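One structure coming up, written as structure tokens, with questions to follow.
The values are calculated or read from the model by the stated rules, or taken from the named source; none is laboratory data. Everything numeric here is computed off the predicted structure, so don't read it as measured data. Here Cβ is always computed from backbone atoms with ideal geometry, including for glycine, and neighbour counts include all displayed protein chains. In case anyone asks, the SASA skips ligands and DNA or RNA and just uses the protein heavy atoms, side chains included. Shrake-Rupley method; radii C 1.70, N 1.55, O 1.52, S 1.80 Å.
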Amino acid sequence: KILKDDTMRRFAPSLRLSLRQLRRSMSTQAAPTYVSTRGGMKEMGFGDAVLQGLASDRGLMVPTHIPTFPEGAPEKWRDLSFQELAYEVMSLYVPESEIPAADLKNIINKSYSTFRSPDITPVVNLDDKLSVLELFHGPTFAFKDVALQFLGNLFEYLLAQRGIELMTVIGATSGDTGSSAIHGLRGKKGVQCFILYPDGRTSPIQEKQMTTVLDENIHNIALQGNFDDAQNIVKALFADLPFKKEYNLGAVNSINWARILAQTVYYVYAYLRTSKNGEPVSFSVPTGNFGDILAGFYAKKMGLPVDDLVVATNENDILDRFFKSGSYSRNECLETITPSMDITISSNFERFLYHMAGDDSAALSGMMSEFESTGTLTGTPDLVAACRAQMKSAMVPDDEVLKTIGDYEKANGYVLDPHSAIGVAAANKVGTDAKKMISLACAHWGKFPMAVERAVGSEAMSKLDPPQQLAELDSMDSRKHIVNAEIEDVRTFIVDQLA
């Protein structure tokens, strides 16, 4: 017995190491399959998860494990282009048996050929500590182009691969998702795209970017309600399984896993452009539906050296209130100068809670049932502590947004859009021990000229030139369909258009 105990003590550390290495090897060499956060669906492959969109049990698709970076990464990726890096990251989740390497590289290269910057998502230093990650160099001048240019080409590939003649894409937008989805899907073979947005509650330029796309497969629905109405209608249509099956519904909102995956890439890219010697960095992320910062969470779990992830909200602060109090409760949707973040239910937060609950679908399903029936979800002390260990938060009201835009324009001539200013203001509020804080710049200031003029003054504004593509929108023809914020009205409109 003594010999046995001594032997076990001697070999236990190496046995534990071997098990850890085995788990690491499995997670890096085998791409995950995908399941619903609520546990009501069987495991499926990457392509099926992308085409599935919202799970049939109303949950969201998540990977069965989070792959870790291969040996030597991310440091060995420092000299890669954005496109090359995107392949390295995405291929960890996409098995070659589903999409061969050459095809995945082609999809990626095609997707980012539409961007104006050769760096795709360049990093700009504001001072020695704070940098911004410019995510607005795609066709619609918003961060969602990074994911939706990819998703549009991915949809087209998967439909052709499976011989599917029609996919009906339905999405809800508070401003930027709609235009990015439309520009990613316009003219795509086999795709009909319906975008719901709250009439009068996007910026005029955001609306024009949607309604001036006159391709036959694009349908803009100006909903007589708010963003939450639009998002709830989309979820209800996906939950109507006969309707979903008959019209082959697909999702472009960040409920679609491929969007989260594509956004994970630029966290790695930003780290490689700002860090030295493997030092961790922190990120501040303007947050509405939680998809963007969730991508940062996945990047961190994959092995990216990240210190802090800061959830930066506007006055629709359901997320900040959760991190402060442990209560996730819906309030009335306030209209702010950051319309893309005027959201009172953050759909992707469900994925984060699933992971924080230990990938426990039964526990997550119970929490979401509580929230959907009462409008409030109260986290257990352990759950709240787990969430706070991963992220910090701050709320930035409109007056602070305007002050931040004005301060940075005066200090160094850099103009932030209102959403990007929320990230910068939250970064300054929360701070970090990391040597570098990177704030995500979500949109070009030219999409929100009225708010920017309030912040910088008319004299400074007169010296700013908006991009030509945005300035030309007012002179272009447009088309939209005004529909009541009722599921049956929207369903009838979709069916009539597809007839």
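If you take every residue apart from residue 395 with its C-beta less than 14 Å away from the C-beta of residue 395, what net charge results, scoring Lys and Arg +1 and Asp and Glu -1? Can you show the working numbers first?
Working: positive: 321, 324, 392, 429; negative: 315, 317, 320, 342, 398, 399, 400.
Summing Lys/Arg as +1 and Asp/Glu as -1 gives -3.
On to the next question. Each residue of segment 357-371 in order: what ³J(HN,Hα) in whole Hz does its phi give by Karplus 6.51 cos²θ - 1.76 cosθ + 1.60, θ = phi - 60°, with x for Gly and Pro?
8, x, 6, 9, 5, 5, 5, 5, 4, x, 5, 6, 5, 4, 5
Then there is this: So if I average 1/r over every pair of distinct C-alpha atoms in segment 91-219 and take the inverse, what Kirkwood radius in Å does that give?
15.9
Could I ask something else about it? What is the sum of charges around residue 365, taking Lys and Arg as +1, Asp and Glu as -1, for the other residues whose C-beta is under 11 Å from the C-beta of residue 365?
On the way: positive: 38, 58; negative: 57, 350, 360, 370, 372.
In short, -3.
Amide H to amide H, which residues 5 or more places from residue 393 or on other chains are under 5 Å from it, using H placed in the peptide plane?
Sorted by chain and number, the residues that satisfy this are 311.
Take the alpha-carbon centre of segment 437-499, take the same for segment 241-312, and report the distance between them in whole Å.
Cα centres, segment 437-499 to segment 241-312: 23 Å.
Hey, what D do you get for segment 49-95 in µm²/s if you plug the Kirkwood alpha-carbon radius into Stokes-Einstein at 10 °C and 1.306 mPa s? Please report the intermediate quantities before stating the final value.
On the way: Rh = 12.8 Å.
Rounded to a whole number, D works out at 124 µm²/s.
Taking the Cβ-Cβ separation of residue 369 and residue 486 as r and a Förster radius of 22 Å, what is the calculated FRET efficiency to the nearest 0.05? Display every interim value, and only then the final one.
Working: r = 24 Å, r/R0 = 1.09.
Calculated transfer efficiency: 0.35.
Another question, then. By the scheme Lys and Arg +1, Asp and Glu -1, what is the net charge of all other residues having a beta-carbon under 13 Å from that of residue 326? Working shown, then result.
Working: positive: 321, 324, 388; negative: 320, 382.
Summing Lys and Arg as +1 and Asp and Glu as -1 gives +1.
Quick check on packing: order 392-400, 280-288, 234-242 by the mean number of other C-beta atoms within 10 Å, highest mean leading.
By packing density, highest mean first, the sequence is 280-288, 392-400, 234-242.
Which order do the peptides 321-327, 266-272 take when ranked by the mean count of other beta-carbon atoms within 10 Å per residue, highest first?
266-272, 321-327
Could you check how many percent of all C-alpha pairs in segment 237-293 are farther apart than 16 Å? List each step's numbers first, then the result.
Working: 960 of 1596 pairs.
In whole percent, the share of Cα-Cα pairs in segment 237-293 beyond 16 Å is 60.
Also: Dipole size in debye (nearest 20) for the chain around its Cα centre, Lys and Arg Cβ +1, Asp and Glu Cβ -1?
1880
Once phi is turned into ³J(HN,Hα) by the Karplus curve 6.51 cos²θ - 1.76 cosθ + 1.60 with θ = phi - 60°, what whole-Hz value does each residue of segment 474-483 show in order, with x for glycine and proline?
4, 8, 9, 5, 9, 8, 8, 10, 8, 9
For segment 396-499, what does the equivalent ellipsoid look like in terms of its semi-axes, each the square root of 5 times an eigenvalue of the Cα gyration tensor, given largest first in whole Å?
36, 21, 12
Let me ask something else. On the protein heavy atoms, probe 1.4 angstrom, tell me the percent of accessible surface of segment 336-392 carried by carbon and sulfur.
53
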